[in-house]
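J.: First the structure, which I've put down as structure tokens, then a few questions once you've had a look.
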Amino acid sequence: MMELIAQNMAPIMFISLIFFLIMGYPVAFSLAAHGLVFFVIGVELAPLSNGTITLDWPLLRTLPDRFWGIMSNETLLAIPFFTFMGVILERSGMAEDLLDTIGQLFGPVRGGLAYAVIIVGALLAATTGVVAASVIAMGLISLPIMLRNGYDRSTASGVIAASGTLAQIIPPSLVLIVLADQLGRSVGDMYAGALIPGLVLTGLYMAYVFVLTIFKPKLLPALPPEARTLGYGVTSLAVALLVCAGITWAAHHWLEPTYGADADMLGFVVAVLVVYAYALMDRATGLNSLSRLAQQVIIVLIPPLALVFLVLGTIFLGIATPTEGGAMGAVGALVLALMKRRLNWAVISHAVASTARLSTFVMFILIGARVFSLTFYGVNGHIWVEHLLVSLPGGELGFLIFVSVLVFFLAFFLDYFELAFIIVPLLVAPALALEIDLIWFGVILAVNMQTSFMHPPFGFALHFLRSVAPRLPYQDKVTGQTMAPVKTSQIYMGAIPFLVIQLFMIGVVIAFPGMVMHYKDAPVDPASVTITLPQGAGVGGLGEGLGGGMGGGLGGSLGAPNLGAPALGSPELGAPALGSPVVGAPAVGSPALGTPDLGAPALGAPDLGDAPAPEQPSTSEVPAETTP
């Protein structure tokens, strides 16, 4: 019996951990406790394991080095930077301005508020990267407006919750940082690979809203005219966009000779700054050449877009690492909050406290995971997982489907941090054995982990929305009418269609890996590579020929013919003599000047033809000869 337990320690350890996590024990302490307890058991049962368990007491001495590896990991510095940036932007009022402005822009069309929520969700994802902040902000701001204008409660709840989860897949997502670290890949590559799937998922959300407006228009009505406080002015906005495009083209042609491939991006930056400065001047001077709607859209949208470029643009252009991009984003968020006059000591202290709390949470989970992995690898758990997954039918596709189903169901009970630190490290070896690109695999996992926020009844995004949605009848502040509350069942029902869209997106990423693999540089065709050898004389005999015994070669006798007969013990024809003789000086032990050189050329000595013999160098100037 004990032999059976010893030889199956890995599955017992893994199943026990999942059981304790489902029971609700803290993740970090569950990981560390399982690692230490099973380490003791493993050491005692090692003699009965037939070589399966390789644990020994001195192995515990490696734990301090493993902990130091976590603390010195510069990649993880991006987590506090992006968290601080997100909290500052949440308190700066940016979400309120974006929702109000984009809602006014799309107000005249059916489903306009839903479109606005999805677009703002994507913008908040690209600036904050925090799901809770996005869902809570949009729940507080958008949900009352949507209910006031007759939106279906289930649909409104589903749109808000799903839009908030875009922060999981659109860079600079925190889960992408953690996945890149656990997979051993670059955060920049993970960001580049996840960008297109994130935008496609945003488009699928908007397509679903569009379908609803066609078949069930009463669920998503347009804003009434009296609610459109900014009036009309789309034509003025279109003209501003055309001017921006023209300036981009002109700046691109002006900057291309100097900046090359980066000229298009820099030209766009110049155009945006010009249009933004003109909108500010137009409002400040009262000229009003732009409509109120165009002014508001330009002034409100460009600062967060500039912050997105500051973070992601510098990373994608190779100017900054993700950690440096996060630091610049944190500074940019402080500047935006200062511009809106929302920056004060209370905001900063709240942001610092929230950042410290989340960073500490991540560090403790990582420390617990290191203890667990030390024991799990010591009982050959990684080999057990690899054999289990590699032997699945279907090869690469079967592995991806099985892992997607496994992560989907584990996401009912575990959040994305727990999945990333516990499950993902176990999947790296099987993925490499099947030659699966780990960036592609990481993006599939990121889209899948996004479903952990939308699972009824466990989804975190649903709980965030439930915390701010009205539970009891309330009086609307604008109309004065008594509004019905939002039921929990309505939130769950609204989340299901978007959960299905997320699952469909997993299949799309698996079926079309090119959506992710564009992060790689174009492969080099060996047939197109040309190697050009340097011309001219030089050490090694290139240019004038190798010259061994061919008459007039390098190092031939001065003024005497080369008979081409190799001397005994000399290198073969064309082989350079060992040693480093001085140019123009015969090596010690070589034939005297005027004596035929029998095929042992000295490297680096040019053929001087009938030139007069040089003076005999002193012994100190003659290098030592190496006998071949």
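J.: With a 1.4 Å probe and all protein chains left in place, how much of the accessible area of the stretch 396-459 comes from carbon and sulfur atoms, in whole percent?
T.: Within the stretch 396-459, the accessible surface is 74 percent carbon and sulfur.
J.: Enter the accessible area per residue of the stretch 199-293 (Å², integer; probe 1.4 Å; all protein chains in place).
T.: Computed with neighbouring chains in place, this is 62 Å² per residue.
J.: Still on this model: With a 1.4 Å probe and every protein chain left in place, tell me how much accessible area residue 360 has, in Å² to the nearest 10.
T.: The accessible area of residue 360 comes to roughly 70 Å².
J.: Separate question: Take residue 44 and residue 75, extend 7 Å from each Cα along the Cα→Cβ direction, and tell me the distance between the two endpoints in nm.
T.: Simple spin-label model gives 3.8 nm for this pair.
J.: Additional query: Assign one of three labels to the stretch 303-364, namely rounded, prolate or oblate, based on the Cα gyration tensor with a ≥ b ≥ c the square roots of its eigenvalues; rounded applies when a/c is under 1.5, prolate when it is not and a/b is larger than b/c, and oblate otherwise.
T.: oblate
J.: Hey, another quick one. Within 14 Å, Cβ to Cβ, of residue 9, how many net charges do the neighbouring residues add up to if Lys/Arg are +1 and Asp/Glu are -1?
T.: -2
J.: Right, something else. Summing +1 for each Lys or Arg and -1 for each Asp or Glu, what net charge is found among the other residues whose Cβ lies under 15 Å from the Cβ of residue 52?
T.: It works out to a net charge of -4.
J.: How high is the relative contact order of the stretch 430-509? Use alpha-carbon pairs under 8 Å, at least six apart in sequence, and give a whole percent.
T.: Across the stretch 430-509, relative contact order equals 30 percent.
J.: How far, in nm, would the chain grow between residue 352 and residue 37 when pulled straight, counting 0.36 nm per residue and subtracting the alpha carbon separation?
T.: Computed gain between residue 352 and residue 37 is 109.8 nm.
J.: Nearest 0.05, what FRET efficiency do residue 500 and residue 415 give at R0 = 22 Å with Cβ-Cβ as r?
T.: Once rounded, the FRET efficiency stands at 0.55.
J.: Right, next: I'd like the FRET efficiency for residue 338 and residue 476, computed as 1/(1 + (r/R0)^6) with the beta carbon distance as r and R0 of 45 Å, rounded to 0.05.
T.: That gives a FRET efficiency of 0.85.
J.: Give me the 1.4 Å probe accessible area per residue for the stretch 58-182, excluding ligands and nucleic acids, in Å².
T.: Per-residue value: 27 Å².
J.: I'd like the distance between the alpha-carbon centres of the stretch 373-432 and the stretch 193-221, rounded to an integer number of Å.
T.: 32
J.: Report in % the part of the accessible area of the stretch 34-159 that belongs to carbon and sulfur, leaving out ligands and nucleic acids; probe 1.4 Å.
T.: 62
J.: Over the heavy atoms of residue 208, what accessible area does a 1.4 Å probe trace out, to the nearest 10 Å²?
T.: Solvent-accessible area, nearest 10 Å²: 60 Å².
J.: Here is a follow-up. If contacts are Cα pairs under 8 angstrom and at least 6 residues apart, what is the relative contact order of the stretch 148-257 in percent?
T.: Relative contact order, the stretch 148-257: 29 percent.
J.: Express the relative contact order of the stretch 37-129 as a whole percentage, based on alpha carbon pairs under 8 Å and six or more residues apart in sequence.
T.: Reported relative contact order: 23 percent.
J.: In Å², and per residue, what accessible area does the stretch 381-424 have when probed at 1.4 Å with the other protein chains present?
T.: That works out to 42 Å² per residue.
J.: Once fully extended, how much extra length lies between residue 429 and residue 29, figured as 0.36 nm per residue of separation less the alpha-carbon to alpha-carbon distance?
T.: My answer for the length gained is 141.4 nm.
J.: HN-Hα J couplings of the stretch 186-194 from phi, Karplus 6.51/-1.76/1.60, θ = phi - 60°, integer Hz, Gly and Pro as x?
T.: Coupling constants for the stretch 186-194: 6, 5, x, 5, 5, 4, 5, x, 8 Hz.
The values are calculated or read from the model by the stated rules, or taken from the named source; none is laboratory data. This structure is a prediction, so every number in the text was calculated from the model and none was measured. Positions of Cβ are generated from backbone atoms using ideal geometry, with glycine treated the same way; all protein chains shown enter the neighbour counts. Please note that ligands, DNA and RNA were not included when accessible areas were found on the heavy atoms of the full protein model with its side chains. Shrake-Rupley method; radii C 1.70, N 1.55, O 1.52, S 1.80 Å.
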